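Any read-out appearing in this document is the output of simple, stated calculations on the displayed coordinates, not a laboratory observation. Since the model is a prediction, treat every value here as computed from it, not as a measurement. Glycine gets a Cβ as well: all are built from the backbone with ideal geometry, and neighbour counts include every protein chain shown.
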Amino acid sequence: MKAIALISGGLDSILAAKLISGLGIDIIGLKFKTSFYARPGKTQDSYGIEIKEIDISQQFLSIVLNPRYGYGSNINPCIDCKIFMLNKARELMPGFHAEFVVTGEVLGQRPMSQNRQNLDLVEKKSGLEGFLLRPLSAKLLKETTPEKERWVDRQQLLALSGRSRREQIKLAKDFGIKEYPQPAGGCLLTNPDFSEKIQKLINFGELNLEHVELLKMGRFFRLSEKARLIVGRNKEENEGLTKSMKKEDYLFMPQDIMGPAALGRGDFNNALIRLSCSIVCRYCDLDGKKETEVIYQRPYEGKEAVLKVEPLDEVSLAGFKI
Ligand code: SF4
């Protein structure tokens, strides 16, 4: 007997998968990848579960733009997102010879997407009625087909509810799981600052995968309809921006003082190059000086030049910032 388990990257989904695996069911972990997760750090341990990753970034954008069931407290379309992922899992069931789907949802853990009404809605709309098992809260929910058919023993399932993590931490210990991600509360769309930026991109009609990736790489400035400048906020981002350069991009950096790297992408004329240098200058350690020299280079043209600029004033800066 096989089941698909949705693996979100948090502890709960791993615990749910381990629990069902411990009852003799073969688990295939499915992890859906969207652009709205923070950049991955070290590769996460899969805790002995075979995990297949499926990229749904492009389709997910349309959900963000037009969620049938609306947004959570930010621009997070959790209900539509869950329906979409579970629908995908259902479609993949025959290929994996899986009989049901497992998730780590806990009743009442998230006010919007994990209340009883919405758990039922998600189950119904995903076409998985009776075949969606949430082992962490199963004893508080309707009996599912895997329980009725005795594929899994309901008595071995749990009755967790609410936001406390105490039981999960205990369970992780029982499974010998020592390191696990802290509950992050969802993807980047649950972050108010990030959501606000996504909303601005939507307002400009410019929400696309490239912009979402750029947004994650540093401070994002929309200089014109066709020119973007991304300014690093720390060493890691400065290095990331330098590495991500395409041959037509511009790279801006201060000449002799401490300051960020910035990536310019799109159509730049002389005025926009000067503007970009002033923005970079705004984030430099000027140490009392009024101006500094900023180098800009474009590998495509083999061009490198220096401009002496003053920092851009805060009001103008805010007008360009996404
Ligand atoms: S937090 Fe993000 S990934 Fe998680 S259900 Fe909501 S929209 Fe989907």
Inset, instruction - Return the loop-located trypsin sites (Lys or Arg not before Pro) in region 153-193 (DSSP other than H, G, I, E, B) with at most 11 other Cβ atoms within 10 Å of their own Cβ; answer none if there are none. - result: Arg163, Lys178
Legend entry - Extension reserve of the Glu99-Asp256 stretch, reckoned as 0.36 nm per residue once the Cα distance is removed: 50.2 nm
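Rounded to the nearest 0.05, what FRET efficiency do Arg165 and Glu53 have when you use their Cβ-Cβ distance and R0 = 25 Å?
In this case the efficiency is close to 0.45.
Size of the dipole of the chain about the Cα centre, Lys and Arg at +1 and Asp and Glu at -1 on the beta carbon, nothing else charged, in debye to 20?
Charge dipole of the chain: 600 debye, to the nearest 20.
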Inset, instruction - With an 8 Å cut-off on Cα pairs and a minimum separation of 6 or more residues, tell me the relative contact order of region 2-188 in percent. - result: 26
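Counting DSSP beta bridges with both partners in the chain, what percentage is antiparallel, nearest 5?
Restricted to the chain, the bridges split so that about 60 percent are antiparallel.
Once a ≥ b ≥ c are taken as the square roots of the eigenvalues of the Cα gyration tensor of region 60-137, is the result rounded (a/c under 1.5), prolate (a/b larger than b/c) or oblate (a/b not larger than b/c)?
The shape class here is oblate.
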Inset, instruction - Starting from the Kirkwood radius over alpha-carbon pairs of region 150-289, derive D by Stokes-Einstein at 25 °C in a medium of 0.890 mPa s and give it in µm² s⁻¹. - result: 132
Inset, instruction - Kindly state, to the nearest 0.05, the FRET efficiency for Ser73 paired with Glu149, given R0 = 45 Å and r defined as their beta-carbon distance. - result: 0.70
Legend entry - Modelled FRET efficiency - R0 45 Å, Leu121 with Lys178, Cβ distances, 0.05 increments: 0.80
Inset, instruction - Would you mind calculating the gained length between Asp287 and Ala38 on full extension (0.36 nm times residue separation, minus the Cα-Cα distance), in nm to one decimal? - result: 86.3 nm
Legend entry - Cα pair distances of region 2-188 binned at 10 Å [whole percent]: 9, 39, 40, 11, 0
Inset, instruction - For the chain, calculate the relative contact order in percent as a whole number, restricting contacts to Cα pairs under 8 Å that are 6 or more residues apart. - result: 14
Inset, instruction - Could you list, in their original order, any pairs among Lys197/Lys321; Lys139/Lys173; Lys52/Lys178; Lys33/Lys88; Lys243/Lys321; Lys2/Lys148 whose Cα atoms are separated by more than 20 Å? - result: Lys139/Lys173; Lys52/Lys178; Lys243/Lys321
Legend entry - Isotropic mean projected area of the C-alpha convex hull, region 218-320 (nm²): 5.9
Legend entry - Pairwise label distance in nanometres, Glu196 with Lys226, each label 7 Å out on the Cα-Cβ vector: 3.1
Inset, instruction - Summarise the long-distance tail of P(r) for the chain by giving the % of C-alpha pairs beyond 25 Å. - result: 57
Inset, instruction - Consider a paramagnetic label point 7 Å from the Cα of Glu236 along Cα→Cβ; state which residues of region 1-38 have an amide N under 12 Å from it. - result: 38
Inset, instruction - Residues in region 154-181, backbone N under 20 Å from the label point at Met112 (7 Å along the Cα-to-beta-carbon vector): list them, ranges by number please. - result: 162-164
Inset, instruction - Report ³J(HN,Hα) in whole Hz for each residue of region 119-128, in order, from the Karplus equation J = 6.51 cos²θ - 1.76 cosθ + 1.60 where θ = phi - 60°; Gly and Pro get x. - result: 4, 5, 4, 4, 5, 5, 5, 7, x, 10
Inset, instruction - Work out from phi, with θ = phi - 60° and the Karplus expression 6.51 cos²θ - 1.76 cosθ + 1.60, the ³J(HN,Hα) of each residue of region 134-147, listed in order in whole Hz, and give x for Gly and Pro. - result: 10, x, 6, 10, 3, 5, 9, 10, 4, 5, 9, 4, x, 7
